[in-house]
Amino acid sequence: MYKLLKTLLSSALLLGLFVQVNANEMYVFVSNTELKSKGREIAKLFLGVPVHVVKDDGKNVKVTVKGYIDGLNLYSTEKKKLLIATLFKGFKATKKSENEVELSGYIEKGSLTKESAEVWEEHEEFYYEMCTQCHAAPKIPHHSMTEWEALFEPMKGFAKLDAEESEYLLRYIKSNALNGLVKTNH
């Protein structure tokens, strides 16, 4: 009994430390969320983008977002596989390395969630609805964003997806891909 209690307490402590370490990461829950710099310049963040919380003042949250810059667009990878933000006039990014940058600013707290699964709930339903009409839906984390682009292109015709539906579904797939924004144990 003592050994079981000791194991349970150790597990609870480890879980608490894990939650504490990851408590500073949240996800954009509202599409086209505005990130406002100190000078009130704006960058638009897209759905599902992970942000690092620097400070939470109740209504607004100071966050940072890392990515790879190309002009006014910020991508999840150097190869521009997934658009995560668009900068508007005057928004300054802080250079971290060759072309990796960090955006810093404030977001309304209601635009964020701690649960990445909450962001993608409706997208996941749509994925299974569309992608199980002819075959079993593959597990998304089994393929990279590049592989999914190749797989998705011919399938969108079979599923009769319009441009908006294709964009909606592909964002979900690429975000949850092996090298996507959502980090899971595959």
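Taken together, the values in this text are just the output of simple stated rules run on the coordinates, not laboratory data. Everything numeric here is computed off the predicted structure, so don't read it as measured data. Every residue, glycine among them, receives a Cβ derived from its backbone with ideal geometry; neighbour counts consider all protein chains shown.
Quick notes on this structure:
- Residues of the stretch 156-186 classified as basic (Lys, Arg) and under 18 Å from GLN133 (Cα atoms), total: 2
- Selection within the stretch 55-71 - in contact (Cβ under 8 Å) with a residue 40 or more places away in the chain and more than 12 Å from LEU103 (Cα to Cα): ASP56, GLY58, LYS59, ASN60, VAL61
- All conditions but one from (1) buried (at least 16 other Cβ atoms within 10 Å of the Cβ); (2) free of Cβ contacts under 8 Å to residues at least 40 places away in the same chain apply to GLU78; the one that does not is (1).
- Boolean, LYS96 is touching an Asp or Glu at 6+ places or on another chain (Cβ under 6 Å) and closer than 27 Å to ASN24 by Cα: yes
- Within the stretch 28-60, the residues that satisfy the criterion of being among the polar types (S, T, N, Q) and more than 10 Å from ILE107 (Cβ to Cβ) are SER31, ASN32, SER37.
- Single residue of the stretch 34-54 satisfying the filter (more than 11 Å from ILE84 (Cα to Cα) and of a type outside the set (A, V, I, L, M, F, W, C)) that is surrounded by the most Cβ atoms within 10 Å (Cβ to Cβ): SER37
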